[in-house]
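Engineer: Handing you this structure, nothing more for now.
The values are calculated or read from the model by the stated rules, or taken from the named source; none is laboratory data. Computed from a predicted structure; not experimentally measured. Please note: Cβ atoms are built from the backbone with ideal geometry, for glycine as well, and neighbour counts cover all protein chains shown.
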Amino acid sequence: MRLLTTTALAGALALGAGAAGAQTVLDALFMSQSAYSEADVRAMAASYTAEHPDVTINLEFVPYEGLRDKTLLAQGSGEGYDVVLFDVIWPAEYATNGILLDVSGRITPEMEEGVLPGAWTTVEFNGARYGMPWILDTKYLFYNRAMLSEAGFEAPPRTWAELSEQAEAIKAAGIVEYPIVWSWAQAEAVICDYTTLLSAFGGEFLDAEGKPAFQAGGGLEALEYMVGTLESGITNPNSVEYLEEDVRRVFSNGEAAFALNWTYMFNLANAGEDSQVKGQVGVVPAPGVEGVSEVSAMNGSMGLGVTATSEHPDEAWDFVAFMTSQPTQNEYAALSLPIWAASYQDPAVTAGQEELIAAAGVGLAAMYPRPTTPGYNELSALLQVAIQEALLGVSSPADALAAAAEASGL
């Protein structure tokens, strides 16, 4: 196993208190942004080690942008993690390169029957399962009720065109300078927003032969919409540098009327200590496009898996099963909704989150996938550059996407 850093050792001692002489040490890699908070994950792990005093969990947290690289680099060094968090876009790559164990045989009938059917797509590739779904998520449209009411609107927008109209009215009324904020930094964040819009406009990433299709039709219209909101002044221009936490901060400060973001923002913006808009936050599925779609959504789910190099695969799987179990997820449902169907009939989960759960019932059913391909990371990088060039006015949307399609080699 890897040598413990001072920080990791401190975390291990904290989690393994009273477990001196523990027989098994598991190294686990998690994300330090969005969904479950770091405090939540540490509390979950502490509950596990309390029940399993012979196990110590070393937790490491990195931003989403470093999650894949950290996993691959550690694996390549031969000193990899036992448990890793992974995005829905990575099972193809991880399975092809032998990063994760195929755990299909470890899935119990209770898991099979209890987990929402759509959640399984998070961990599947070529008919096998490489972990358990853990974060079931998509992006929702958050809106400030007070701002909409002040501008004379009784309901949030149902289409993207209507959102632009409401934003223009809010801006014209002087309620807020930039009514919309997005996470459009050159990172996977902008791909998530772009995917949401692409799905709304009826676009495709790849055609039936696996060739690029995003440079025309709904894919092009999606990017043209993004650029148009910048040109009209209804989108915060700093969005081109923002990630999701920046979006939450701006929205929670009362500096935006609309924001596209993950589930976790609902309770933090509506009731968080640092929020200036407590009690004013509404949430609905992301809008659709008239004549094309009713709503829009993208699959932003994540799973927990056991690495192929783990020296303790049985113990690692037991930890994964605990972290993804219904009791654990129900207890920490304030920032991430459970993967379990029965959880949505539990008042402990739904209380105070009725509006969010209503939006989730629609949004999660409409999730559009990013391409499932071992080369996804390279395609995403090309699209990130193309979208940024269009947003910054360096290239037209059509030229930028055409260049990305050609450079992809698909």
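Engineer: Mind checking whether some residue in the stretch 272-280 is farther than 26 Å from Gly219 by Cβ and either aromatic (Phe, Trp, Tyr) or touching a residue at least 40 places away in the same chain (Cβ under 8 Å) (or both)?
Structural biologist: There is at least one residue in the stretch 272-280 that is farther than 26 Å from Gly219 by Cβ and either aromatic (Phe, Trp, Tyr) or touching a residue at least 40 places away in the same chain (Cβ under 8 Å) (or both).
Engineer: Let me ask something else. Cβ-Cβ distance below 8 Å, separation of 6 or more or different chains: which pairs start in the stretch 112-132 with a residue that is more than 18 Å from Gln326 (Cβ to Cβ) and without any contact (Cβ under 8 Å) to a residue 12 or more places away in the chain and end on one that is in a helix (DSSP H, G or I) and hydrophobic (A, V, I, L, M, F, W, C)?
Structural biologist: none
Engineer: Still on this structure: Would you check if there is a residue in the stretch 182-201 being of a type in the set (Val, Ile, Thr), part of a strand (DSSP E or B) and at pLDDT 95 or above?
Structural biologist: no
Engineer: Can you tell me how many residues in the stretch 130-147 are of a type in the set (Val, Ile, Thr) and part of a strand (DSSP E or B)?
Structural biologist: Going through the stretch 130-147 one residue at a time, the tally reaches 1.
Engineer: Out of curiosity, is Ala351 modelled with pLDDT of 95 or more and more than 21 Å from Gly210 (Cβ to Cβ)?
Structural biologist: no
Engineer: Next question. Among the residues of the stretch 394-410 satisfying the criterion of being among the small types (Gly, Ala, Ser) and free of Cβ contacts under 8 Å to residues at least 24 places away in the same chain, which is surrounded by the fewest Cβ atoms within 10 Å (Cβ to Cβ)?
Structural biologist: Gly409
Engineer: Whether any residue in the stretch 259-277 is in a helix (DSSP H, G or I), under 16 Å from Arg370 (Cβ atoms) and either touching a Leu at 6+ places or on another chain (Cβ under 9 Å) or assigned by TED's automatic domain parsing to the domain that holds Arg68 (or both) is what I want to check.
Structural biologist: No, that holds for no residue.
Engineer: Given the criterion in the same structural domain as Arg249 (by TED's automatic domain parsing), at positive phi and modelled with pLDDT of 95 or more, identify the matching residue among Gly131, Gly174.
Structural biologist: Gly174
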